[in-house]
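Notes follow once the structure below has been shown.
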Amino acid sequence: GHLNAYTSREQTVYFAKVFEKDVPRAMDILADILLGSKLDPRAVNRERDVILREMREVNKSNEELVLDHLHGTAFQNSGLGRTILGPEKNICTLSRADLREYIDTHYLAPQMVIAGAGAVDHGRLCELAEYYFGGLRVELDEAQRESDAVCLDEGKFVGSDVRIHFKSDN
């Protein structure tokens, strides 16, 4: 099979492409990744380096930067106005505890979707989802709702005008 993940402005996706017989194993692996990650500090540091390299590549691409500025202008003061990777300072200082807090406050049942396509038995997928993810909390406690880690903004479009001049190779 094939496991992968990606992040966009609006979602984080973990997915598996497997044969029908491997769906239970894929669900087990995805559940372990989502709910049982050890977040080893050495692995966090390795990933930090990967993210910083990716950020350097993104910052070389005017097409990417234009979209970041567009979203930053259109959705000021909301999550949709921020870049996917975030500020370099945050990446450099992100800790295991920060990641654990994010997982604990964002990986809740109402914020997750489990979907299957192709040769997947719907009833069996529902059983597996209940088995692996049925224990997820459905809401945050009071302290978590007040935490800086939680961003429940509406992402309201405000529009605006910004002019940025990129250095050109021409």
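Observations
- Excluding exposed DSSP-loop GluC sites (Glu not before Pro) (at most 14 other C-beta within 10 Å), longest clean stretch of the chain: 11-138
- Portion, in percent, of the accessible area of the range 59-170 that falls on carbon or sulfur, probe 1.4 Å: 52 percent
- Within the range 40-139, trypsin sites (Lys or Arg not before Pro) in DSSP loop having at most 10 other beta-carbon neighbours inside 10 Å: K60
- Using alpha-carbon coordinates, inclination of helix 122-133 to the longest axis of the chain, degrees: 70 degrees
- Remark: for residue pairs K38/K156; K89/K156; K21/K156; K60/K156, the C-alpha separation exceeds 32 Å in K38/K156; K21/K156.
- P(r), alpha carbons of the range 1-110 - 10 Å bins starting at zero, rounded %: 11, 35, 35, 17, 2
- On Cα atoms only, tilt of 41-59 relative to the major axis of the chain in degrees: 40 degrees
- Dipole of the range 1-112 [Lys/Arg +1, Asp/Glu -1 at C-beta], most positive-end residue of T7, M112, L80: T7
- Förster radius 41 Å - calculated FRET efficiency between Q11 and A119, Cβ distance, rounded to 0.05: 0.95
- Spherically averaged projected area of the convex hull of Cα atoms, the range 87-126: 4.8 nm².
- Total charge dipole magnitude, the chain, about the Cα centre, Cβ charges on Lys, Arg, Asp, Glu only, Debye to nearest 20: 540 debye
- Debye-sum result for the range 52-170 in log10 I(q)/I(0), which assumes one identical scatterer on each alpha carbon, at q = 0.11, 0.12, 0.14, 0.22 Å⁻¹: -0.61, -0.71, -0.88, -1.23
- Counted charge near I114, where neighbours are those whose Cβ lies closer than 14 Å (Asp, Glu -1; Lys, Arg +1): -3
- For the chain, the longest principal axis of the alpha carbon atoms and the long axis of helix 96-106 meet at an angle near 70°.
- Rolling a 1.4 Å probe over the heavy atoms of the protein chains gives the range 82-156 an accessible area of 72 Å² per residue.
- In terms of accessible area, using a 1.4 Å probe and ignoring ligands and nucleic acids, M112, M27 rank largest first as M112, M27.
- For the range 82-135 and the range 55-75, distance of Cα centres in Å: 25 Å
- Each residue of the range 26-35 is assigned a 3J(HN,Hα), and the resulting list reads 4, 5, 4, 5, 4, 5, 5, 4, 6, 10 Hz, derived from the Karplus form 6.51 cos²θ - 1.76 cosθ + 1.60 (θ = phi - 60°), x at Gly and Pro.
- Taking 4 °C and 1.567 mPa s as conditions, the range 1-45 diffuses translationally at an estimated 109 µm²/s according to Stokes-Einstein applied to its Kirkwood radius (Cα pairs).
The values are calculated or read from the model by the stated rules, or taken from the named source; none is laboratory data. Being a predicted model, the structure only gives us computed values, none of them experimental. FYI the Cβ positions are ideal-geometry reconstructions off the backbone, even for glycines, and counts take in every protein chain you see. Protein only, heavy atoms only, side chains kept; ligands, DNA and RNA dropped before computing areas. Shrake-Rupley method; radii C 1.70, N 1.55, O 1.52, S 1.80 Å.
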